[in-house]
Amino acid sequence: MSYVLCLHRWVGRQALYERYGLEPGMQIRAICTAESAQSLPEDRLASISTLESLDDATAVIAEAQRLIELHGVPHRVVALNEGDLLNAAAIRERWGVPGDPCAWIERFRDKLTMLEVAARQAAIAILPAVSAEDPQAVQRLLAEHGYPLVLKPRCGTASRGVRILRQAQDLRLLQAPHAEPMMVQAFCAAPILHVDGWWDGERIVVLTASRYVNSCADFGPDSALGSIELDADEHERAIAEQVAALLAVFAGQREIVFHLELFDDGQTLRFLEIGARVGGAEIPFLWREVRDIDLVGIAWELQTEACSRQRDHARTRSRDGRPLHGERGAWVIGRRESPLRTELGTLYWAQEALPAGVPSGVYEGARTRLRLRSFDRPALVRDVERIFEHLAQTWSASA
């Protein structure tokens, strides 16, 4: 029986595989972890292979080879989480499976490659960056832009390993051993937006633009992360027009779901990074629960080519690049648990207490996870501010 090979690391229900289309008679063979296996639909599974970590590319490829030796080459290889995209592409290339190759994925994973592609358009400005392994290039960047600079992994996720170089002695970090290639980039202190949606190769079918509260790089044991969707106004429409120009150079004639991050100082948008995948944290849930659009399901369809049900539905739920439903969403996550003591009118979901040690993901491992929705954006802003104040006070008292 033919099958879809699926790399699956989410512990939660970001992906609703039981709803997604498959060719007749086809099932899923999943490579996952022991903790993520619980979120897979048993009735669609031909087999489950559990690994200690899907970050071990050698182990993932070895397990794929074992499955292929037993069951033949899969019909498609699917990876919906950013951390699995390159492994899925490597499997496709090695065994001749249709779908996105490594070179395509790398433009959305390698941040220096991203910048080279983004520089082909002029709608959104580019912050210069160089390889951390080129000392002369780093010195030229420093001479032009001064401190601070940003040191970060070229293919990192969830802001892991990001460091700020604020003075000359911090340059010693460049000589420290790193587990992956690093880059150095000019620093920007402007607020950060994330723009999420679906591009059909020619136009934006639907997107939302949201402003981070805090930043992903600042997310830590004593610092929460949040996001509030922007108003559907002229500023958002201007953002959408500039984003369309950027997507045209990244994915002209190619359909993608995307998660884009931009610096926004109120006058100029500056490129931070882009992923050809659904955003993390609470983003996929808000899209389904507030907007009735499943971006993860659309990503599944683009990788399997089994049907267009999720895309067809999304078109009925959007117009002129924006969701038809005018309600806005927001979310807050924190690494430490801190139950709210006051009711908030916009809060519609809060994570229950987690057992110790589960799950392991940066955002899924957050012990405080809150989702909010309202037609009144100022109310969302007010309630998110209250949540941040509560978390700061609670964590400060327990320090």
**Asked** Quick one: if the Förster radius is 30 Å, what FRET efficiency do A176 and R367 give, using the C-beta to C-beta distance and rounding to 0.05?
**Response** 0.50
**Prompt:** Anyone know which of P24, P181, P135 comes out most mobile in the 10 Å Cα GNM of the chain?
**Reply:** P24
**Prompt:** Using a Gaussian network for the chain with springs between C-alpha atoms less than 10 Å apart, which of these wobbles most: Q169, Q139, Q121?
**Reply:** Q169
**Prompt:** Out of the DSSP beta bridges found with both residues in the chain, what percent are antiparallel (nearest 5)?
**Reply:** 75
**Asked** In region 107-167, which trypsin sites (Lys or Arg not before Pro) fall in coil by DSSP and have 14 or fewer other Cβ atoms within 10 Å?
**Response** R120, R160, R166
**Message:** Could you list C188, C102 so that the one with the fewest beta carbons within 10 Å of its beta carbon is first and the one with the most is last?
**Reply:** C102, C188
**Pairwise label distance in nanometres, A353 with L16, each label 7 Å out on the Cα-Cβ vector** = 3.0
**Complete:** In the neighbourhood of G201 defined by beta carbon distances under 11 Å, the net charge of the other residues (Lys, Arg +1; Asp, Glu -1) is -1
**Complete:** On the formula 1/(1 + (r/R0)^6), with r taken between the Cβ atoms of Q393 and A103 and R0 of 41 Å, the FRET efficiency rounded to 0.05 is 0.25
**Prompt:** Once the other residues with Cβ under 10 Å from the Cβ of E301 are scored (Lys, Arg +1; Asp, Glu -1), what is the net sum?
**Reply:** -2
**Prompt:** By its C-alpha gyration tensor, with a ≥ b ≥ c as the square roots of the eigenvalues, how is region 19-76 shaped: rounded for a/c under 1.5, else prolate for a/b larger than b/c, else oblate?
**Reply:** oblate
**Asked** What net charge do the residues around F219 carry, taking every other residue with its C-beta under 11 Å from that of F219, with Lys and Arg at +1 and Asp and Glu at -1?
**Response** 0
**Asked** Dipole of the chain (Lys/Arg Cβ +1, Asp/Glu Cβ -1, origin at the Cα centre): which of W199, V60, G25 lies farthest to the positive side?
**Response** V60
**Request:** With no solvent and one equal point scatterer per Cα, compute the Debye intensity ratio I(q)/I(0) for region 192-397 at 0.08, 0.19 Å⁻¹ and report its log10, rounded to two decimals.
**Result:** -0.27, -1.42
**Message:** Report the gain in length on full extension from E42 to E133: 0.36 nm times residue separation, minus Cα-Cα distance, nm rounded to one decimal.
**Reply:** 28.1 nm
**Prompt:** Put +1 on the Cβ of every Lys and Arg and -1 on every Asp and Glu Cβ in region 192-397; which of S338, S374, A224 then has its Cα farthest towards the positive end of the dipole?
**Reply:** S338
**Fill in**
Treating every alpha carbon of region 128-186 as one equal point scatterer without solvent, the Debye formula yields log10 I(q)/I(0) values at q = 0.30 Å⁻¹ of -1.48
**Asked** What is region 40-181 by shape, rounded, prolate or oblate, if you read a ≥ b ≥ c off the alpha carbon gyration tensor as root eigenvalues and call it rounded for a/c under 1.5, prolate for a/b larger than b/c, and oblate otherwise?
**Response** prolate
**Complete:** Among region 316-349, those whose backbone N falls under 18 Å of a label point 7 Å along Cα→Cβ from D376 are 326-331, 342-349
**Asked** Helix by helix, which DSSP H runs in the chain go 18 Å or more along their axis at the Cα atoms and have an average Kyte-Doolittle hydropathy of 0.0 or more?
**Response** 57-71, 234-251
**Fill in**
The FRET efficiency for A125 and D233, from their Cβ-Cβ distance with R0 = 25 Å and rounded to 0.05, is 0.70
**Prompt:** Which of rounded, prolate, oblate describes region 3-106, given a ≥ b ≥ c as roots of the alpha-carbon gyration tensor eigenvalues and a/c under 1.5 marking rounded, otherwise prolate only if a/b is larger than b/c?
**Reply:** rounded
**Message:** Which of L380, L247, L127 ends up with the largest GNM mean-square fluctuation for the chain, with Cα atoms connected below 10 Å?
**Reply:** L127
**Asked** So for the chain, Kirkwood radius off the Cα pairs, Stokes-Einstein at 25 °C and 0.890 mPa s: how many µm² s⁻¹?
**Response** 111
**Item:** Alpha-carbon centroids, region 1-71 and region 296-323: separation in whole Å
**Value:** 22
**Item:** In region 217-303, trypsin sites (Lys or Arg not before Pro) in a DSSP loop with at most 10 other beta-carbon atoms within 10 Å
**Value:** none
**Asked** Between S53 and R319, what is the spin-label point distance in nm, taking each point 7 Å from the Cα along the Cα→C-beta axis?
**Response** 4.9
**Asked** Just how far, in whole angstrom, is region 145-208 from region 242-290 if you go by their alpha carbon centroids?
**Response** 15
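Coordinate-derived values only; no laboratory data. The structure presented is a predicted model; accordingly, all values stated were derived computationally and were not measured. Reconstructed Cβ throughout: ideal geometry from the backbone, glycine too, with neighbour counts over all protein chains shown.
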